[in-house]
1. For the ranges 453-465, 156-168, 199-211, what's the packing order if you count other beta-carbon atoms within 10 Å of each residue, average per peptide, and put the highest first?
2. Based on a Kirkwood Rh over C-alpha pairs, give the Stokes-Einstein translational diffusion coefficient of the range 57-293 at 37 °C and viscosity 0.692 mPa s in µm²/s.
3. Can you give me the C-alpha center-to-center distance between the range 274-295 and the range 66-117, rounded to a whole angstrom?
4. For the range 176-225 and the range 423-456, write down the distance between their C-alpha centroids in whole Å.
5. If we sort 473-486, 185-198, 264-277 on the protection proxy, mean other Cβ atoms within 10 Å, highest first, what's the order?
6. Given (i) 46; (ii) 58; (iii) 50, which label gives percent of Cα pairs over 30 Å apart as computed from the coordinates?
7. Taking Cα pairs under 8 Å and at least six residues apart, what relative contact order does the chain come out at, in percent?
8. Tell me what the chain gives for mean residue ellipticity at 222 nm when only DSSP H runs of n ≥ 4 count, each as -39,500 (n - 2.57), the sum divided by the residue total, rounded to 500 deg cm²/dmol.
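Taken together, the values in this text are just the output of simple stated rules run on the coordinates, not laboratory data. If you're wondering where the values come from, they're calculated on a predicted model, not measured in any experiment. Cβ placement follows ideal geometry from the backbone for every residue including glycine, while neighbour counts extend to all protein chains displayed.
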């Protein structure tokens with residue numbers, strides 16, 4: 001009987017267990033049969049545009065304080081102005097090379113001024129060698145001429161409407177000539193005054209004092225008998241003061257004036273009154289303001305790399321930490337995305353990745369200039385971010401990117417769409433020593449070979465705050481994204 005009861009007990013236990021297993025199987029089957037909820041996904045297209053506005057002038061400045069002085073003033077015999085300019089052999093490939101121009105008043109006149117010809121003074125020879133690089137300043141006085149601005153009727157030298165006979169603040173007091181800019185030839189102006197040679201009044205030298213850096217010196221070499229001033233009495237003689245002026249570094253021609261045209265609005269700067277104000281009164285302010293407005297750095301954008309990745313990962317770089325050594329250096333120094341693109345294909349946390357190297361409408365890979373754009377597309381799901389990198393080409397090792405974690409591609413299930421430019425920042429990769437943007441001899445446009453600059457002592461990736469000649473991010477790059485249902 002006991003065995004029978006045990007058998008019944010075991011049988012009951014088996015039925016209970018069988019029933020329990022049957023219920024579990026049913027539950028598992030029901031769960032497997034239920035459709036899985038698909039993650040939210042979308043198709044995205046990213047457009048990277050170069051929105052740089054090309055400007056004709058690379059660098060503009062004023063020279064106004066004599067060497068050893070503290071305040072703006074004309075230079076008299078044995079005085080000099082000195083100023084520094086930054087210039088590489090070219091700003092962009094094939095642009096004809098960098099040149100120096102300036103305008104300063106020939107003060108013993110109604111409206112004469114000193115300036116090189118429209119082409120300016122070449123700062124490098126045909127072999128790419130900087131002038132004044134042999135340890136001795138190069139005398140370029142023979143490339144500077146005396147011009148008549150054609151804005152005020154010439155009087156005899158020493159006349160009442162010439163600057164030495166006017167108050168320091170007097171402006172535009174002579175008779176308007178309504179003429180054109182002409183070079184003084186054969187030492188005679190339109191009145192018949194005898195005008196000295198340029199080298200009897202000034203000596204201009206250029207010295208290469210560092211990589212892509214030049215010191216320009218304008219020295220007054222006139223003396224008490226350089227020019228006859230009959231307007232001050234028979235037999236009167238005087239030196240020729242030289243006024244403050246404006247200089248520019250440029251690659252095109254005719255920044256300030258065009259011979260045979262009216263001074264107003266001429267040249268690439270197209271100043272309404274700038275040349276006139278210097279030539280008549282030695283006031284540089286208007287020409288500097290207009291020159292500064294015409295000055296800007298043209299920044300190509302290089303091919304780059306992109307990745308979609310899990311939220312919380314930082315696949316391309318970390319801020320204030322050294323470069324990963326996985327390819328950012330190649331983009332930031334040389335505009336080459338190949339190493340980073342290859343690394344991202346197998347990097348943990350990266351869902352998808354690629355490179356962009358050919359501009360929209362272009363048949364060949366390469367950087368994009370003003371008006372150009374790159375485009376790439378991908379599919380992503382919620383909880384993924386986007387990162388990218390492209391080179392600020394006028395630099396040693398700078399790149400544009402989102403923050404290290406990238407941008408979320410969804411917000412509560414809604415796919416990202418619109419202008420992303422506010423989320424783009426400029427970074428220094430910390431891999432190469434910085435030079436003056438757009439002039440450095442080891443920046444990719446001008447370097448002798450890839451990866452050839454001096455190593456940066458600060459190896460951390462860090463933010464660059466645009467200042468000086470570095471344009472605001474939104475004046476160089478625009479990044480936008482569109483989304484569509486997958």
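1. 199-211, 156-168, 453-465
2. The diffusion coefficient I find is 185 µm²/s.
3. For the range 274-295 versus the range 66-117, the Cα centre distance is 12 Å.
4. The range 176-225 and the range 423-456 have Cα centres spaced 38 Å from each other.
5. Peptide ranking by packing, descending: 264-277, 473-486, 185-198.
6. (ii)
7. 20
8. Only helices count here, giving -4000 deg cm²/dmol.
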